[in-house]
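Beneath this line is the structure, given in structure tokens, with notes to follow.
The values are calculated or read from the model by the stated rules, or taken from the named source; none is laboratory data. The structure displayed is predicted, hence computed values, not measured ones. Cβ sites come from the backbone with ideal geometry, for glycine too, and all protein chains shown count toward neighbours. SASA here: full protein model, heavy atoms, side chains in, ligands and nucleic acids out. Shrake-Rupley method; radii C 1.70, N 1.55, O 1.52, S 1.80 Å.
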Amino acid sequence: MGVDLRLIAEARRLLADETPLPFDCGTLCGHRCCTDFGPDEGIYLIPGELPLFDGTEDFTRWQFHSTREYEFAPSWEERFDAVPFLQCTRLCDRTKRPFECRTYPLLPYLRPDGELEMRYSFLARGLCPLPERYRLDELDPAFVEAARRAWALLMEDEAMREHVEWLTAQFDALELPGLDEEGPCGARGGGEPS
């Protein structure tokens, strides 16, 4: 059983019209995050998000990754057999894009005081130009806040809270900088969680 579909739909809705910059940031890189997938690259759906795709999408190629064979939050191995993995064959209809595409290139980080903040994804480096060109505080604040609120909403589900804790551990293990520290190339806001 996946995350409550109503939580996922609301989290996606919060980000329906928000973007990192006041223009199509895909023009900076030729929409690489949407089109430059190699054979093993793509985006994971939140467990339970798949029903929001009706099978008529003509931009999708699907795989289902076993939680025992791929790296996920440890508890997910007991909760889920597999997680949907989407590879886009072309630019999609933006209304259909998965949740994590909507927050890209940001991922959540849970601070020791329990506050949730957004950081640049450690997987964005080399693909997305935003972490190298913009400090996190130079992104549209409405986008950053919508992403934070959407992840906080998803964390009402125990499996998603465990996922955010696991992402936080990945940040910490990589010793990636936070909001108050300088990141690579002068970018503030840090590394890149999966």
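Rg/Rh for segment 106-182 to two decimals, with Rh computed the Kirkwood way over all alpha-carbon pairs.
Value, to two decimals: 0.95.
Would you report the distance distribution of C-alpha pairs in segment 64-165 as whole percents per 10 angstrom bin, up to the bin with the largest distance?
All Cα pairs, binned at 10 Å, distribute as 13, 40, 38, 9, 0 percent.
What full-extension length gain, to one decimal in nm, is calculated for Asp113 and Arg135 as 0.36 nm per residue of separation minus the Cα-Cα distance?
Between Asp113 and Arg135, full extension yields an extra 5.6 nm.
I need the calculated FRET efficiency for the pair Asp24 and Arg161, taking r as the beta carbon distance and R₀ as 25 Å, to the nearest 0.05.
0.15
How much length is gained on full extension from Met1 to Asp81, taking 0.36 nm per residue of separation minus their Cα-Cα distance?
27.8 nm
Restricting to Cα pairs below 8 Å that are 6+ residues apart, what does the relative contact order work out to for the chain? Please round to a whole percent.
Value for the chain: 27 percent.
How much space per residue, in cubic angstrom, does the convex hull of the C-alpha atoms of segment 40-100 take up?
Dividing the Cα hull volume of segment 40-100 by its residues yields 88 Å³.
For the chain, max minus min Cα coordinate along each principal axis, in Å, sorted largest first?
41, 37, 30
Helix hunt in the chain: which complete DSSP H runs extend at least 15 Å axially by C-alpha with mean Kyte-Doolittle at least -0.5?
141-154, 158-174
How large is the charge dipole for the chain, taken about the Cα centre, if only the Cβ atoms of Lys, Arg (+1) and Asp, Glu (-1) carry charge, to the nearest 20 debye?
Its charge dipole is roughly 580 debye.
Points 7 angstrom from Cα along the Cβ direction at Asp93 and Glu71: gap in nanometres?
For Asp93 paired with Glu71, the spin-label model returns 3.6 nm.
What number, in percent, do you get for the relative contact order of segment 48-121 if the mean sequence gap of Cα pairs under 8 Å and at least 6 apart is divided by its residue count?
RCO, segment 48-121: 26 percent.
Counting only protein heavy atoms and using a 1.4 Å probe, what share of the accessible area of the chain belongs to carbon plus sulfur, as a whole percent?
49 percent
Any idea which of Tyr70, Tyr104, Thr56 is furthest toward the positive side of the dipole for segment 1-146, if Lys and Arg beta-carbons carry +1 and Asp and Glu beta-carbons -1?
Thr56
What list of ³J(HN,Hα) values in whole Hz, one per residue of segment 97-105 in order, does the Karplus curve 6.51 cos²θ - 1.76 cosθ + 1.60 (θ = phi - 60°) give from phi, with Gly and Pro shown as x?
5, x, 4, 5, 5, 5, 9, 4, x
In cubic angstrom, how much convex hull volume per residue do the alpha carbon atoms of segment 1-55 span?
118 Å³
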